[in-house]
Amino acid sequence: MSEEFDVIVVGGGNAAFCAALSAQEQGARVVVLERAPEDEAGGNTRFTAGNIRFAYRGVEDLKAIMPDLTEAEIAITDFGTYTEDQFFDDMFRVTRNRTDPDLCEILVRRSFETMKWMHGKGVKFAPIWGQQAFKIDGKFKFWGGLTVCAWGGGPGLVQAETEAAKKRGIEIRYATRAQKILYDGFKVEGVQVKSPGRIYDIKAPSVILAAGGFQGDAEMRTRYLGAGWELAKVRGTRFNTGDGIKMALEIGASPFGNYSGCHAVQWDFNAPEYGDLAVGDAFQKHSYPWSVLINANGKRFLDEGADFRNYTYAKYGRVVLEQPGNFAWQVFDRKVEKQLRDEYRIKQVTKVKADTLEELAAKLEGVDAKGFLEEIRAYNAAVRQDIPFNPNIKDGRCTEGLAVNKSNWANTIDEGPFEAYQVGCGITFTFGGLRIDTEARVLDADQQPITGLYAAGELVGGIFYFNYPGGSGLINGSVFGKLAGVTAVADQKTNAGGLGAPIPA
Ligand SMILES: Cc1cc2nc3c(=O)[nH]c(=O)nc-3n(C[C@H](O)[C@H](O)[C@H](O)COP(=O)(O)OP(=O)(O)OC[C@H]3O[C@@H](n4cnc5c(N)ncnc54)[C@H](O)[C@@H]3O)c2cc1C
């Protein structure tokens, strides 16, 4: 095994593979270090549905990354557009204008070219008709700016990227955990790794960190996100425990972004401590805009219909965690039963069903039954039934006069059989991380680049605050991963900061 490379990539998810493929494309000898054993490799990326957000101007752009789209499919679909302006608007709105404007600019403006680049590397994409489009007058209409997923979802994406890397001679070392950055006080020289039975150094003038956030570490979650977060379930990999962030901070990197913030969703209350690859993301329960959410006191506590799911789901996990007992029940009646997403039909689900509300109340474990029945009565009376229900648009069918109103899609809960699903909080990834410049170089506390250190993906701070537009995690890793690979090699070619032997141009 060679212990010297041009570029070391720490991590084995989407950001890491984009970085590795990009550095290799520039002529570098690259090694990917994946902490997980091969059967659990792929990070959070592998747990995703592969949904990926990017700016596009219309179907012609989509054809560039999905050349297999047929004329018949195009004829029955209104793909609309998702312009850079729309992407910017979403980013600034959901982060309450806190997203770093320079990083956001890179994310948005390079999103489409990066998709084309990924496609060129062998990643296939497909439209997400099932999840993100509604059929209106015989035609599918996409909504929410999220139109495409990687073929085969997260597992398909990891597989395609792994194959692309291997085909290009990129070495992947599984069960190999980077535990320390080798740093002489001025420049990075490699990493120290631990693999079963062995601790050793791997030398390289460039290290790209793509090792994910700290959501998998209960202690860090509690320290940064706050009391109670040790109780959240982790939706994805157990291997993202903040290593990349910690290693970089140890050599003086600047922490940046929303350290007390994270992406967290409503997740089956009885889901295991970490994600289960066999179930993937199906513990999530994302049809809540058609439900009422009830806590242990039998009370509603948030606006289920504040916006399209894409723009609320990532912040509502926290709100559920804050409820007494850290749980809630999503309650549906027969009117919307057919609209529930596939994840409601999995076998590992915490669900009760009843013909009457009284019967249901008795079955809602941990809930004040009397309070629940009173709440539903008050809610039903407050629904503006004169406004038609339309799931395809923000229909304005709201409640009026309640302490917590529902802004859209308010249906009465009065037609049995009723179904209820118990949800807790599932954390997806953390928002705080390392500060990078617009070329993906990690900055130190003086905001100067740490020579030879780059970062991409979940462990970069400053991009997401409070909330997140669905599908942005993957594109974030792709855009900054690709960029980190380019910069790492360009810095070596120009010998910037006195990096080792230049890579031949
Ligand atoms: C259930 C679920 C569903 C999701 N759905 C979507 C979706 O549909 N669309 C979307 O855009 N986003 C989604 N996300 C978010 C998305 O997964 C992440 O934003 C994205 O995958 C992050 O990519 P990454 O490469 O930064 O991290 P990861 O893919 O998590 O990769 C991090 C890698 O680092 C490795 N690692 C950690 N520490 C070390 C170390 N010390 N040494 C070596 N390797 C190390 C890990 O093993 C892992 O391979 C979802 C997340 C989850 C959990």
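Data overview
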| quantity | calculated |
| --- | --- |
| Test: residue in segment 321-336 that is surrounded by fewer than 21 Cβ atoms within 10 Å (Cβ to Cβ), at pLDDT below 95, among the charged types (D, E, K, R) and under 24 Å from the mean Cα position of the chain (by Cα) | no |
| Looking only at segment 202-220, and only at residues there that are away from the ligand (no atom under 14 Å from the Cβ) and not small (Gly, Ala, Ser), the one that is surrounded by the fewest Cβ atoms within 10 Å (Cβ to Cβ) | GLU219 |
| Close pairs (8 angstrom Cβ cut-off, 6 or more residues apart or separate chains): farther than 27 Å from THR77 by Cα in segment 148-165, part of a helix (DSSP H, G or I) and polar (S, T, N, Q) anywhere | VAL158/ASN14; VAL158/THR45; GLU161/ASN14; ALA165/GLN24 |
| Options ILE251, ILE245: the member that is within 15 Å of the ligand (Cβ to nearest atom), touching a residue at least 12 places away in the same chain (Cβ under 8 Å) and surrounded by 24 or more Cβ atoms within 10 Å (Cβ to Cβ) | ILE245 |
| Flag if TYR316 is closer than 19 Å to ALA227 by Cα and crowded, with 23+ Cβ neighbours inside 10 Å | yes |
| Total residues in segment 39-59, condition within 15 Å of the ligand (Cβ to nearest atom), of a type in the set (Val, Ile, Thr) and without any contact (Cβ under 8 Å) to a residue 40 or more places away in the chain | 0 |
| Qualifying residue in segment 41-49 (condition: farther than 15 Å from THR114 by Cβ, part of a helix (DSSP H, G or I) and more than 19 Å from the chain's Cα centre (by Cα)) | no |
| Subset of segment 29-81 that is aromatic (Phe, Trp, Tyr) and more than 20 Å from VAL234 (Cα to Cα) - its residue that is surrounded by the most Cβ atoms within 10 Å (Cβ to Cβ) | PHE54 |
| Lone qualifier among GLY280, GLY226, GLY275 - being modelled with pLDDT of 95 or more and near the ligand (Cβ under 10 Å from one of its atoms) | GLY275 |
| Elements of type helices (runs of 4 or more DSSP H) contained in segment 50-149, each with 3 or more residues being within 17 Å of TYR468 (Cβ to Cβ) | 84-94, 101-109 |
| Residue within segment 69-92 that is more than 16 Å from the ligand (Cβ to nearest atom), of a type in the set (Ser, Thr, Tyr), out of contact with any strand residue (DSSP E or B) (no Cβ under 9 Å at 6 or more places or on another chain) and more than 19 Å from SER478 (Cβ to Cβ) present | yes |
| Positions within segment 221-233 being among the aliphatic types (A, V, I, L, M) and surrounded by 24 or more Cβ atoms within 10 Å (Cβ to Cβ), in sequence order | LEU225, ALA232 |
| Hey, THR77 free of Cβ contacts under 8 Å to residues at least 60 places away in the same chain, in contact with a Phe, Trp or Tyr (Cβ under 9 Å, 6 or more places away or on another chain) and among the hydroxyl-bearing types (Ser, Thr, Tyr) or not | no |
| Elements of type strands (runs of 3 or more DSSP E) contained in segment 273-367, each with 2 or more residues being in contact with a Leu (Cβ under 6 Å, 6 or more places away or on another chain) | 328-332 |
| Test result for VAL404, closer than 30 Å to THR222 by Cβ, surrounded by fewer than 24 Cβ atoms within 10 Å (Cβ to Cβ) and β-branched (Val, Ile, Thr) | yes |
| Where GLY145 falls short, out of the listed (1) away from the ligand (no atom under 15 Å from the Cβ); (2) of a type outside the set (D, E, K, R); (3) within 24 Å of LYS315 (Cα to Cα); (4) touching a helix residue (DSSP H, G or I) at 6+ places or on another chain (Cβ under 9 Å) | (1) |
| Some residue of segment 160-179 being out of contact with any Ser or Thr (no Cβ under 9 Å at 6 or more places or on another chain), surrounded by fewer than 24 Cβ atoms within 10 Å (Cβ to Cβ), of a type in the set (Phe, Trp, Tyr) and outside any helix (DSSP H, G or I) | no |
| Output for segment 158-201, where each listed residue is within 14 Å of the ligand (Cβ to nearest atom) and of a type in the set (Phe, Trp, Tyr) | TYR174, TYR200 |
| Single match in LEU33, LEU62, LEU21 (criterion: aliphatic (A, V, I, L, M), in contact with a Lys or Arg (Cβ under 9 Å, 6 or more places away or on another chain) and more than 9 Å from the ligand (Cβ to nearest atom)) | LEU21 |
| Set PHE308, PHE301: member being closer than 21 Å to GLU365 by Cβ and surrounded by fewer than 24 Cβ atoms within 10 Å (Cβ to Cβ) | PHE301 |
| Segment 429-445, residues that are more than 18 Å from ASP243 (Cβ to Cβ) and either within 14 Å of the ligand (Cβ to nearest atom) or not aliphatic (A, V, I, L, M) (or both) | ASP437, THR438, GLU439, ALA440, ARG441, ASP444 |
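The values are calculated or read from the model by the stated rules, or taken from the named source; none is laboratory data. Please read all numbers here as calculations on a predicted model, not as lab measurements. Don't worry about glycine lacking a Cβ; one is built from the backbone with ideal geometry, like all the others, and counts go over all protein chains shown.
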